[in-house]
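**Q** One structure follows; several queries about it will come next.
Here, each number is a calculation from the coordinates, and none is a lab measurement. As the structure is a prediction and not an experimental result, all values here were calculated from the model. Note that we place each Cβ from the backbone using ideal geometry, even for glycine, and neighbour counts take in every protein chain shown.
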Amino acid sequence: LVERDHVDFLVGPVSSVVAVAIRSYVHEQQTPLIVPVAFTRVLTSPQQASPSIFRIAETTDQSNYPMGAWMMKNTKYRRVVVMATDFVAGRHAVEAFIAGFKAAGGEIVKEIYPPLNTPDFAPYLAQAGAEKADAVYAWFAGADAIRFVKQYREYGIGEKMPLTGHAVLVDDTIMPAVGDAALGIVTMGSYTSTLDNPENKAFVAEYDKRYKTWPSRYSDAGWMTLELIAQALDDLKGDLSHRDKVREALKNALPKLKTPRGHLEFDQYRQVITPIYVTRAEKVGGRYVNTVIERIPNVRQEDVWGWWNKK
């Protein structure tokens, strides 16, 4: 793409492992990369940030660290079991939650990390169920999330230890497959289709009209990526001949967008400053949705990385 096709922009990846792997190449080539999904905290850290990398997804810290303080303030959960996919994104996500929860006075009683693509979570759920804990905080995505949430409900430990976690656990795209097993699960993330603002209502209506379903965090990320590029192109009047000007245009384009999430900006490391939303999975009018409980405005990565970034 870069050396043969000479593309002007790169978009991706989904995987945090891949994002870290391609970082140096992108930095050397100076081709602007917009990252809509991969959220490992290291990509936009002071040590790894690149002038050519722009991330519109929240970091692992931005939507997991604040959940620790929120749980201590708004629930009776004081002792928590952590479960996550044994993978960069999963590990980084729950490490951030652990740091935030401990900083707020909470206790982590056990950490459990099943491998990616685990078909049967029973042995891991048995470990969790044996603990004297108030709740489980989890990070699983995609097919793993569907299997985990359904088996968590089937195993019957939900009444003893309510399930909480990051938004991917009950993302809008998998809610129909998870069904009633998702109900009541409280998570935290940067987008859900129920956000109550004019831009999101218009986005949901248009998306539903076109695709006969509601958008997810991935739909929001895809839309915003293209809007960001379009705004930069407009500001540059189509002139992409100077990479430094293209990068500056991308950085300045984000605050001009009226996004479904609300007002957004990039920080000095080109990481998005974004609202974070606490939601509860519910069934409304026959549709499974994540209803907003609380909005935490303008969460910066600098606000939540002090537990590991000492520079």
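**Q** Please report Rg (one decimal) and Dmax (integer) in Å for the Cα set of the stretch 1-88.
**A** 16.5, 57
**Q** Okay, moving on. Apply the a/c threshold of 1.5 to the C-alpha gyration tensor of the stretch 56-96 and tell me whether it is rounded, prolate or oblate.
**A** It is oblate, given that a/c is not under 1.5 and a/b is not larger than b/c.
**Q** Across the stretch 172-311, how many lysine pairs separated by 8 or more positions, or lying on different chains, have Cα atoms within less than 18 Å?
**A** The result is 8.
**Q** If you don't mind, another one. Give the value in nm², to one decimal: projected area of the alpha carbon convex hull of the stretch 96-168, averaged over all directions.
**A** 4.8 nm²
**Q** If you wrap a convex hull around the C-alpha atoms of the chain and split its volume per residue, what is the figure in Å³?
**A** Considering the Cα atoms of the chain, their hull volume per residue is 133 Å³.
**Q** I've got another one for you. Work from the charge dipole of the chain (Cβ charges, +1 for Lys and Arg, -1 for Asp and Glu, about the Cα centre) and give the residue of Ala126, Val37, Phe266 farthest towards its positive end.
**A** Ala126
**Q** I've got another one for you. Could you pull out every one of the lysines with an alpha carbon less than 21 Å from that of Lys76, ignoring same-chain neighbours closer than 8 positions?
**A** Straight-distance partners of Lys76: Lys102, Lys110, Lys132, Lys160.
**Q** Out of all DSSP beta bridges with both ends in the chain, state the antiparallel percent to the nearest 5.
**A** Within the chain, antiparallel bridges account for around 45 percent of the total.
**Q** Arrange Arg41, Arg153 by Cβ neighbour counts within 10 Å, fewest through most, would you?
**A** Neighbour counts put them in this order, fewest first: Arg153, Arg41.
**Q** Give the dimensionless ratio obtained when the Cα radius of gyration of the stretch 136-222 is divided by 2.2 N^0.38 Å.
**A** Cα Rg divided by the expected 2.2 N^0.38 Å: 1.15.
**Q** How do His242, His6, His166 rank when sorted from fewest to most other Cβ atoms within 10 Å of their own Cβ?
**A** Listed from fewest to most nearby Cβ atoms, that is His6, His242, His166.
**Q** Is the shape of the stretch 155-311 rounded, prolate or oblate, going by the alpha carbon gyration tensor and its root eigenvalues a ≥ b ≥ c, with a/c under 1.5 for rounded and a/b larger than b/c for prolate?
**A** Oblate.
**Q** Specify, per residue and in Å³, the volume enclosed by the convex hull of the alpha carbon atoms belonging to the stretch 1-152.
**A** In the stretch 1-152, the Cα convex hull volume per residue is 116 Å³.
**Q** Using only the Cα atoms of the stretch 224-311, what semi-axes does the equivalent ellipsoid have when each is the square root of 5 times a gyration tensor eigenvalue? Give whole Å, largest first.
**A** Here the semi-axes work out to 31, 21, 9 Å.
**Q** If you don't mind, another one. Using only alpha carbon pairs under 8 Å that are at least six residues apart, calculate the relative contact order of the stretch 18-62 and give it in whole percent.
**A** 43 percent
**Q** Apply the Karplus curve 6.51 cos²θ - 1.76 cosθ + 1.60, θ = phi - 60°, to the phi angles in the stretch 125-141 and return the couplings in whole Hz, x for Gly and Pro.
**A** 5, 5, 4, 5, x, 7, 8, 8, 10, 8, 6, 10, 10, 10, 10, 9, 10
**Q** Next question. At a threshold of 8 angstrom on Cα-Cα distance, excluding pairs fewer than six apart, so keeping six or more, what relative contact order does the stretch 168-311 reach in percent?
**A** Taking the mean separation of contacting Cα pairs over the length of the stretch 168-311, I get 28 percent.
**Q** Kindly provide the helix-only [θ] at 222 nm of the chain, computed as the sum of -39,500 (n - 2.57) over DSSP H runs of four or more divided by all residues, to the nearest 500 deg cm²/dmol?
**A** Mean residue ellipticity at 222 nm (helix-derived): -11500 deg cm²/dmol.
**Q** If you plug each phi of the stretch 61-69 into the Karplus form 6.51 cos²θ - 1.76 cosθ + 1.60 with θ = phi - 60°, what whole-Hz ³J(HN,Hα) values come out, in order, with x for Gly and Pro?
**A** Ordered by residue, 3J(HN,Hα) equals 6, 4, 10, 10, 4, x, 5, x, 5 Hz.
**Q** In addition: Taking a label point 7 Å from the Cα of Glu206 along the Cα→Cβ vector, which residues of the stretch 215-242 have an amide N closer than 19 Å to it?
**A** 215-235
**Q** Still on this structure, please answer the following. In whole Hz, what ³J(HN,Hα) sequence does the stretch 251-265 give by Karplus (6.51, -1.76, 1.60; θ = phi - 60°), x for Gly and Pro?
**A** So the J values, rounded to whole Hz, are 4, 7, 6, 4, x, 7, 7, 9, 9, x, 7, x, 6, 10, 9.
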